[in-house]
Amino acid sequence: MNLKLSTYISEEQIQKKVQELGDQLTKKFKDTEIVAICVLKGSFMFYSDLIRAIQGDVHCEFFGVSSYSGTSSSGEVKVTLDLAHSVEGKHVILVEDIIDTGLTMNYLKSNILSRKPKSLTTIALLEKPDALKVPCEIDMVGFKIPNDFVVGYGLDYDGYYRNLPYIAQVQNFQ
Ligand code: 5GP
């Protein structure tokens, strides 16, 4: 894919923020085991950096959902990979890439809460407050951004650009 990209959030800014979030989680869950859920695919890069910034016992789980086609939310959430283990009675952190309409995070929250965790902490690297279609409360957010379509650091455009180490905006987008 050969679209023109401009840096939106640099690798340095991301890594600094990830460390801050990791430090907050280390403090919050001092001496307490947690289960960290990676929401696939978009959050895999944020997730892998974030869990390395947490000091303590972290169990890893992966939850696959798809809710997007092209550059607009379909509003429908489909589970593509379920959790491998029960999270009942566990302290769970749910790691998402970006909150756009809020529909996916609301679905994820109710899905995980129905499995009766001891606590649920929701984290998103990015949030677009102006794009929310439903109220959606997140415990920890890395960056609030305008209602722009972004790629990189796990986020794709039709499967491309997930491997960029920074967040970019596609310039010649209609
Ligand atoms: P929501 O349900 O909040 O509308 O959408 C959440 C999902 O849509 C995210 O997990 C992400 O996969 C995708 N998404 C939302 N905004 C963007 C964006 O700006 N860029 C990319 N690549 N994906 C996005």
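The values are calculated or read from the model by the stated rules, or taken from the named source; none is laboratory data. Since the structure is predicted, the reported quantities are computational estimates derived from the model, not experimental observations. Neighbour counts run over all protein chains shown; Cβ positions are idealised from the backbone, glycine included. Protein only, heavy atoms only, side chains kept; ligands, DNA and RNA dropped before computing areas. Shrake-Rupley method; radii C 1.70, N 1.55, O 1.52, S 1.80 Å.
What to note about this one:
- Taking the criterion of being among the β-branched types (Val, Ile, Thr) and within 16 Å of the ligand (Cβ to nearest atom), the residues of segment 73-92 that qualify are 77, 79, 80.
- Qualifying residue in segment 43-66 (condition: at pLDDT below 95, small (Gly, Ala, Ser) and within 16 Å of the ligand (Cβ to nearest atom)): yes
- Scanning segment 1-20 for residues that are assigned to a helix (DSSP H, G or I), out of contact with any helix residue (DSSP H, G or I) (no Cβ under 7 Å at 6 or more places or on another chain) and open to solvent by less than 70 Å² (accessible area, probe 1.4 Å) yields 14, 17.
- All conditions but one from (1) under 15 Å from the mean Cα position of the chain (by Cα); (2) buried (at least 19 other Cβ atoms within 10 Å of the Cβ) apply to residue 44; the one that does not is (2).
- Single unsatisfied condition, residue 98 versus (1) at pLDDT 95 or above; (2) more than 22 Å from residue 127 (Cβ to Cβ): (2)
- Residue 23 meets the conditions (1) out of contact with any Lys or Arg (no Cβ under 9 Å at 6 or more places or on another chain); (2) modelled with pLDDT of 95 or more; (3) assigned to a loop (DSSP other than H, G, I, E, B) in every case but one. The failed one is (3).
- Meets criteria (under 20 Å from residue 41 (Cβ atoms), within 9 Å of the ligand (Cβ to nearest atom), modelled with pLDDT of 95 or more and open to solvent by 20 Å² or more (accessible area, probe 1.4 Å)) for residue 161: yes
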